[in-house]
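Have a look at the structure below, then the notes.
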Number of protein chains: 2
Amino acid sequence: MPRTTTPRRSSIGDVARLAGVSVGTVSNVLNRPDRVAEATRDRVLDAIARLSFVPNASARQLRAGTLTTVGAIVLDIRNPFFTEAARGVEDRLALADHTLMLASSDDDPEREARYLRLFEEHGVSGLLVVPTGDDLGPLLQLAARGVHTVLLDMPSPTDALSSVAVDDVAGGRMAGEHLLGLGHRRITMLNGPHTIRQCRDRLAGLQRAVERHGLDPDEVVREVRIPTLDAGGAAAAFAPLLAEDPAPRAVFCVNDLAAIGVQREIRRRRPELLGRTAIVGYDDIEIAAELATPLTSVRQPAHDVGYRAADLLLSRDADGNPARGHVVFQPELVVRSSSVPA
Amino acid sequence: MPRTTTPRRSSIGDVARLAGVSVGTVSNVLNRPDRVAEATRDRVLDAIARLSFVPNASARQLRAGTLTTVGAIVLDIRNPFFTEAARGVEDRLALADHTLMLASSDDDPEREARYLRLFEEHGVSGLLVVPTGDDLGPLLQLAARGVHTVLLDMPSPTDALSSVAVDDVAGGRMAGEHLLGLGHRRITMLNGPHTIRQCRDRLAGLQRAVERHGLDPDEVVREVRIPTLDAGGAAAAFAPLLAEDPAPRAVFCVNDLAAIGVQREIRRRRPELLGRTAIVGYDDIEIAAELATPLTSVRQPAHDVGYRAADLLLSRDADGNPARGHVVFQPELVVRSSSVPA
DNA sequence: ACCCGCTGCTGAATCGGTTCACAACGGTGG
DNA sequence: CCACCGTTGTGAACCGATTCAGCAGCGGGT
């Protein structure tokens, strides 16, 4: 009986009644204030304040069809690369008074599909997606249905989808050249699943660097897969390698979190190898420079990636159609003390 | 002229026409499939597939009023504590087939207000907020308007808002007792703005620990404010202290990122003080154990905080009203080598 | 033959805004 | 005095779904 009935949100009709005008006028006050005489406008604004009226976005969008919300789906919200990119997105969107809604697919195609559907149902004005796999089918269908989509951190194989990415092959090559230049001839790559393109590309870059040195990639490069791209998974996968003889002396990790896991595992199991194992990470996250052994890493312009992607999403060509484009940023090798000579 | 007119999204009416049924039937197929004969249902499903029909969430919500989306506003998406909490939220919501939309206020009340309004306009079924300041007015109004709201990482001063928080006074006290136990009698606290409650509480906890030791907080504790809670801001604020004589020998940082900044600054300017300055951080982020000097830190159960908050948001009492509650988790001190004796 | 109840479907009202054709009105110029 | 104009404001159609009263058809009981 004391069941508190939720007070119904007040609608534009309530406001109109209180202000003694028609709903059309209230709508005009909201959207084209200059079309309304000042006295009337004040009365309406007063009524809005008194009722603490908040317009219903569903109703507005249903009729007007427009929305200033952009959706983004990243692989893992805990990965600093993605959060930094998300900040870039937000920063660009804020300039256009748009807002970001962020979701994390956890590298699970099913979750990705759920969020894609959710955003489409809500009619977002654009979508930024870091795809979980190679199957762009769902995204292409989405684009065909008129949802302007930009691939994040993945070059688009088609003109139907725009993209902003970083050249991962170049990044892998930089890491490889660096390690080869230090004299290493056996390089272990701690890589993620090949379903993730970044992982494949970074390996390919490493192999290309080896070839350029006139060596055989199959001899030099040994790939070890880790199931999850975090420190724990990397540590677990690296542990058995440390028991081998000889233990790896040059390790290229698919990201910095994995590199941190490798360092942790070396310190725990074979501390004598600490200063004698070259480690190169990827992403150059903020704390890479602060680690027990400051980490050599391939830096990606994460903020720029997000910013540029949002920019692409918002820009229209002369005809008012969404602009299409493919942007590829170049990574940069940051050398610190973790990459020791052979 | 080649202006590609966006193909209009197909509606439930299009589906009905193609399947040769009424819109009501299509709606039934979508929401109560058991009410529809199998043959009819198959025809409708076929039409849905052929048109790649996606229901319009705005229309649905406008009429039905329900939504399975929850909004969350955190202070900074780059702070691992918040992203970990966000994962906790997502994990709990997924169980109930709800989805999370995440936004970051950047500790800016204006941005916070914008997102609050956005989420309210969209009629989210609940809201998780880490408030930017002490002014809960807007949130109380929101709650009064029927938006179920849970304060994240802040104990609620009122029963109108639920809350899930960690006891920051206890955390500050733990840090203080640890440093005092190590013999330190001058403690510098690198703190954030007092507009943030966490910052005030952690300082208060530190002061209380000093009192318990029979000492005068004003003599022992020196507070230095940093404008932003990241490594860069902390490093900048700490630099002048390093020029003083004597330089600080015990530093309690309001979070781990700040502690990392302090370590960086010491290493850069006074490397001789490296092993002789006790540092305690807060949050125990994943890499705290991997730093050049592994960091003593106060651990917060971030994932649990998010999970529990989402739980509170979803739970209803026997009358079907949203449950109210106040949960306070206890932090835990993790001692590593950064906290050296005096 | 008639009524009852059940299943399966229809058609229209409804949610809360936006938008547009049009009306009301006071002022202006010929 | 009238035609005309610009400024304000009105009222209804409309967006795309949900929901519910009601109807058609059919089998079974009496």
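Summary of computed values
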item	result
Selected residue [more than 7 Å from DNA strand C (Cβ to nearest atom) and in contact (Cβ under 8 Å) with a residue 12 or more places away in the chain] from A:Asp42, A:Asp46, A:Asp34	A:Asp46
Conditions (1) at pLDDT below 90; (2) within 16 Å of DNA strand D (Cβ to nearest atom); number of the one not met by B:Pro55	(1)
Matching residues in segment B:168-202 - criterion: being of a type in the set (S, T, N, Q) and more than 25 Å from B:Val340 (Cβ to Cβ)	B:Thr195, B:Gln198
Selected residue (only one of B:Leu62, B:Leu51, B:Leu118 is within 16 Å of DNA strand C (Cβ to nearest atom), over 30 Å from B:Gln198 (Cα atoms) and not basic (Lys, Arg))	B:Leu62
Hits in segment A:134-146 - residues which are open to solvent by less than 20 Å² (accessible area, probe 1.4 Å) and either under 14 Å from A:Leu313 (Cα atoms) or in a loop (DSSP other than H, G, I, E, B) (or both)	A:Leu136
B:Asp46 more than 12 Å from DNA strand D (Cβ to nearest atom) and at pLDDT 90 or above	yes
Total residues in segment B:17-58, condition surrounded by 19 or more Cβ atoms within 10 Å (Cβ to Cβ), of a type in the set (A, V, I, L, M, F, W, C) and assigned to a helix (DSSP H, G or I)	7
Any hit, segment A:7-15, residues being out of contact with any Pro (no Cβ under 7 Å at 6 or more places or on another chain), more than 7 Å from DNA strand C (Cβ to nearest atom), open to solvent by 70 Å² or more (accessible area, probe 1.4 Å) and away from chain B (no Cβ under 14 Å)	no
Residues within segment A:97-111 that are more than 19 Å from B:Ala85 (Cα to Cα) and open to solvent by 40 Å² or more (accessible area, probe 1.4 Å), tallied	4
Residue in segment A:88-101 that is at the interface with another protein chain (Cβ under 7 Å from one of its Cβ atoms), modelled with pLDDT under 90 and out of contact with any Asp or Glu (no Cβ under 6 Å at 6 or more places or on another chain) present	yes
Filtered residues of segment A:279-323 (kept if out of contact with any Ser or Thr (no Cβ under 8 Å at 6 or more places or on another chain), within 30 Å of A:Pro341 (Cα to Cα) and away from every other protein chain (no Cβ under 14 Å))	A:Val298, A:Arg299, A:Gln300, A:Pro301
Residue in segment A:224-234 that is touching a Gly at 6+ places or on another chain (Cβ under 7 Å), β-branched (Val, Ile, Thr), buried (at least 17 other Cβ atoms within 10 Å of the Cβ) and in the same structural domain as A:Asn191 (by TED's automatic domain parsing) present	yes
Output for segment A:62-87, where each listed residue is facing chain B (nearest Cβ under 10 Å), open to solvent by less than 20 Å² (accessible area, probe 1.4 Å) and closer than 16 Å to A:Ser125 by Cα	A:Thr69, A:Gly71, A:Ala72
Selection count, segment B:59-118, where residues are in a loop (DSSP other than H, G, I, E, B) and within 16 Å of DNA strand D (Cβ to nearest atom)	5
Restricting segment A:292-334 to residues that are surrounded by fewer than 14 Cβ atoms within 10 Å (Cβ to Cβ) and under 29 Å from A:Ala250 (Cα atoms), the residue that is farthest from the chain's Cα centre (by Cα)	A:Gln330
Options A:Gly181, A:Gly172, A:Gly176; residue that is open to solvent by 10 Å² or more (accessible area, probe 1.4 Å) and in the same structural domain as A:Arg212 (by TED's automatic domain parsing)	A:Gly181
Counted residues, segment B:213-247 - those being of a type in the set (D, E, K, R) and either within 26 Å of B:Ile287 (Cβ to Cβ) or touching a residue at least 60 places away in the same chain (Cβ under 8 Å) (or both)	2
Any hit, segment B:112-123, residues being surrounded by fewer than 22 Cβ atoms within 10 Å (Cβ to Cβ), more than 10 Å from chain A (Cβ to nearest Cβ) and under 19 Å from the mean Cα position of the chain (by Cα)	yes
Boolean, B:Ala165 is without any contact (Cβ under 8 Å) to a residue 60 or more places away in the chain and over 19 Å from B:Ala342 (Cβ atoms)	no
Leading residue by the ranking (nearest to the chain's Cα centre (by Cα)) among those in segment B:237-278 that are within 12 Å of chain A (Cβ to nearest Cβ), crowded, with 18+ Cβ neighbours inside 10 Å and more than 25 Å from A:Asp230 (Cβ to Cβ)	B:Val262
Only one of A:Ala204, A:Ala250, A:Ala302 that is more than 26 Å from A:Gly133 (Cβ to Cβ) and in contact (Cβ under 8 Å) with a residue 24 or more places away in the chain	A:Ala250
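The values are calculated or read from the model by the stated rules, or taken from the named source; none is laboratory data. Predicted model only: the values in this text are computed from it and were never measured. Positions of Cβ are backbone-derived with ideal geometry, glycine not excepted, and every protein chain shown enters the neighbour counts. Quick note on the areas: whole protein, heavy atoms, side chains included, nothing else; ligands and nucleic acids left out. Shrake-Rupley method; radii C 1.70, N 1.55, O 1.52, S 1.80 Å.
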